[in-house]
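Nothing in this text is a laboratory measurement; each read-out follows from the coordinates by a stated rule. Everything numeric here is computed off the predicted structure, so don't read it as measured data. With ideal geometry, Cβ positions are generated from the backbone for all residues, glycine too; neighbour counts draw on all protein chains shown.
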Amino acid sequence: MGQALAAFYDDLVAEGVPEHLAGLVRQVKPAEVEPVTQPDEGIVVTAPGKSGRLAIIVEDEAATRTLAESLFEATELEAIGCDSAEGALDILRERGTDVALVFADIRLAGEMDGLQLANAVATLWPRTRMVVTSGQSPVKPSDLPNQVVFIPKPWRPAAVLVEAGLATSETPPIVP
């Protein structure tokens with residue numbers, strides 16, 4: 001994992017990403033806590049919380065989910081990974097007020113896909129920042145709620161870190 005992040009850092013610097021953003025990637029360290037899997041729900045918790053605010057990473061490919069979780073470890077957010085929209089919804093139902101960001105692939109394990117999850121989050125948790133990603137055909141803006149951000153795969157770590165920063169620094173929208 002450390003080698004993969006080091007390679008990402010080198011790529012970021014080569015692409016001209018500002019040093020302060022690329023430096024965040026360099027600071028990422030593997031989680032010191034063994035992952036705990038809850039098989040009934042498909043939820044993987046990677047490390048104890050830092051600020052009590054959460055980032056839910058919803059990705060059915062374990063290696064990609066682990067990489068995203070590692071990136072979020074460099075932020076103020078506690079990273080919680082799951083492989084399905086249903087698992088993410090369980091976390092949101094339990095700790096919705098703590099969730100600052102949901103980062104989800106469009107193709108997921110389970111019945112729901114990432115677009116359905118984005119619509120649910122926008123409707124039920126409108127103060128939560130939602131990012132959708134995919135390596136498949138581009139998503140039309142009309143497929144997503146207005147406040148949902150799309151990042152194509154392969155995503156750049158800097159783009160993920162920027163969204164994490166916005167989730168922790170921007171004032172959430174006022175909910176009527």
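Net charge within 12 Å of ALA118 by Cβ-Cβ distance, Lys/Arg positive one each and Asp/Glu negative one each, not counting ALA118 itself? Please list the in-between numbers first.
Working: positive: ARG129; negative: ASP105, ASP113, ASP143.
In short, -2.
At 7 Å along the Cα-to-beta-carbon direction for both VAL162 and ARG93, put a label point, then send me their distance in nm to one decimal.
Once both label points are built, they end up 3.6 nm from each other.
So how much slack lies between ARG107 and THR123, counting 0.36 nm per residue of separation and subtracting their Cα-Cα distance, in nm? Write out the running numbers ahead of the final one.
Numbers: separation 16, 0.36 × 16 = 5.76 nm, distance 2.03 nm.
That pair, ARG107 and THR123, stretches by 3.7 nm at full extension.
Taking the Kirkwood radius as the inverse of the mean 1/r across Cα pairs, report the Rg/Rh of segment 34-169. Can you show the working numbers first?
Working: Rg = 13.2 Å, Rh = 14.4 Å.
A ratio of 0.91.
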